[in-house]
Each structure stands twice: as C-alpha cells, then as structure tokens.
Amino acid sequence: MQTLLFKYAFLVSILLTIVSCSNDDTQTVAQFTELVMQDEFDADGVPDNSIWTYNIGTDTNGWGNNELQYYTDRSDNVKVENGVLVITAKEESFNGSPYTSARLLTKGLFEQAYGRFEARIQLPYGQGIWPAFWLLGADKQEEWPQIGEIDIMEYRGQEPTKISGSVHGPGYSAAEAITKTYTLPNDRFDTGFHIFGIEWAPDYINFYVDNVLYNQITPGDVTGEWVFDQPFYILLNVAVGGSFVGSPNNETMFPQSMLVDYVRVYKNDNLN
C-alpha cells in the first residue's frame, strides 16, 4: 500500500511539473516566496513614513501630463483608515488648482530591481479620474524616459472594466509606450478589490490581474533600449484630468477615492 501511494504521489508531481511548464507559452516560471517589503495599512493615521513620502505640487513641476490636480500630503487627500490606504481626489480650489489629490512614493526609502510587486486595490470611477500603481527607475543620473517606467496598473475612470499595463523607455514612451489592456470579465474595478501585479526578471516583465497573466514584455518587444535592469521605486496616485483621460465633466462625482488594502514586494528566488 505504501509503495502504491509513493508511486501515485510521484506521478502527480511529474504531471504538475509538466502542466506548469506547458500551461502558457508566454509564462516564465519563477518563485517569489521571500517577502522583502509590505505595508498592510493596519495603523490608522498617516502612511508609514519609513516607506512612503510624497510629491507635492502641480503638473507644472515637470510631470508633463497636463493634469489638473494639486498633490498634497493633507489627511483630506491621503490617510490610512480602517485597514486601507485612502487616496482621495477632491474638487476644490487649492493653490490655483481646481482639484486636490495625493501621490505617494517610496523613492529613497524602498527601491528594488526584479521580483514580484503587487497591490490589492479598489479603484474610483468617473470621467477624468486617473489612478495608477507604477514604478520609476531610481537612477539619479538620468531623466525620464531613460530611467524607465513600469505601469503595473493604469486606469481611465470612464472605463471601469479596463486597466492597462505598460512600459516606457527611450524610444517607446508616452503615446508610444509598449502596452496592453485587460478587460475584467462580468465586473467593474470600482465595485471591489482586485490584485494588480508584475513579476519582473532580467529578461521579462509579466503583468497580472488577480493572478491572471495577461501580458509579457521582453527586450525583443521594445523599440529602443531595455532599461529595466536597475532598482525602481513604487508610486501610488490618483490624478485628475490629463492627456490619458481627459478632463472631468458634469457627470463626474467628487470626491473619488482609491482604496489600497496592501502593497507587497517579493524577491525573485531564482536570482539569489
């Protein structure tokens, strides 16, 4: 009996190995088990200042997207409450801007090359609302797009069933970014939480929604230099208006909030 059980377990393990290797021609199998950064947003109040800092100001600071909001670090725009990070866009006159919101980043506090980056998020809704979960290269000697950008999740508030994942670099930035859209089947991203993530190694970036692989980008897919071989930092924000989404209209309701349940980063075990 023990011999039969052993043989059965052995055959099952072989089958699982075959399935994992042949399940999807674009799937690169790697292990991501070592958690190296996490924020579960368990403590109400301001976000953890050992992980997060802020961009303050408007699009005139050089961000280049024709956005309409003024980013602040006020509790009106960013706070941790009831176990989630809340980033809120408001319609209000503030320092010459018609809207306020917040943009958090880990620059100088947490930066990593490769691994799995994921966040569980419920998105807002409305024409002109532009939330994102993304990464920027930490190279202080270079400018965008040479530093590289990975958009793990980018979303038009007027299209609540769709998100996109993209990379930007020299020769393939802004409207020429390498991108793909994912459509959520029979649901909307503003009615519940979903997990957005990438798995990143030297020769690929895989994009996931709720652990469904929907895109893989490799050095052969970009139309310029592959710049995703250095540490990147994390950003979370809700923009208002801009070239990607257009301006709010009379049907856009404010305030609009992005809720973040957690952010987690794992090391790629294959690169130890």
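Each reported figure results from applying straightforward, stated rules to the coordinates on display, with no laboratory input. Since the model is a prediction, treat every value here as computed from it, not as a measurement. As a convention, Cβ positions derive from the backbone with ideal geometry for all residues, glycine included, and neighbour counts pool all protein chains shown.
Quick notes
- Length gained on full extension, Val212 to Leu271: 18.9 nm, using 0.36 nm per residue less the C-alpha separation.
- The GluC sites (Glu not before Pro) of segment 168-272 that DSSP puts in a loop, and whose beta carbon has at most 16 other beta carbons within 10 Å, are Glu225, Glu251.
- Over the chain: Kirkwood hydrodynamic radius from C-alpha pairwise inverse distances, Å: 19.6
- Among residues other than Asn77 with Cβ under 11 Å from its Cβ, the summed charge is +1 (Lys and Arg +1, Asp and Glu -1).
- Near Phe193: Cβ cut-off under 13 Å, other residues only, Lys/Arg at +1 and Asp/Glu at -1. The net charge is -3.
- For segment 111-185, trypsin sites (Lys or Arg not before Pro) meeting the loop criterion (DSSP other than H, G, I, E, B) and having at most 14 other Cβ atoms within 10 Å: Lys140.
- The phi-based Karplus calculation (6.51 cos²θ - 1.76 cosθ + 1.60; θ = phi - 60°) puts the 3J(HN,Hα) values of segment 208-216 at 10, 10, 6, 6, 8, 6, 10, 7, 10 Hz, whole numbers, x for Gly and Pro.
- Between Asn49 and Asp203, the FRET efficiency estimated from the beta carbon spacing at R0 = 22 angstrom works out to 0.05.
- Cβ crowding within 10 Å ranks Ser50, Ser166, Ser243 as Ser50, Ser243, Ser166, fewest other Cβ atoms first.
- Modelled this way, with points 7 Å down the Cα-to-C-beta line, the labels at Val36 and Glu92 are 3.9 nm from one another.
- Note on Leu109 and Asp73: their simple-model spin labels are 0.9 nm apart, each label 7 Å out from Cα toward Cβ.
- Mean separation of Cα contacts under 8 Å, 6 or more apart, over the residue count of segment 31-271: relative contact order %: 31
- Under 22 Å from Lys267, Cα to Cα: lysines that are on another chain or at least 8 residues apart: Lys107
- Extension reserve of the Glu159-Thr223 stretch, reckoned as 0.36 nm per residue once the Cα distance is removed: 20.2 nm
- DSSP-defined beta bridges in the chain - what % are antiparallel, rounded to 5: 95
- Distance between segment 216-235 and segment 82-147 - C-alpha centres, whole angstrom: 19
- Degrees between helix 2-22 axis and first principal axis of the chain (Cα, 0 to 90, nearest 10): 40
- By other beta-carbon atoms within 10 Å, ranking Asp39, Asp210, Asp261 with the fewest at the front produces Asp210, Asp261, Asp39.
- Summing +1 for each Lys or Arg and -1 for each Asp or Glu among the other residues whose beta-carbon sits under 13 angstrom from that of Phe32 gives -1.
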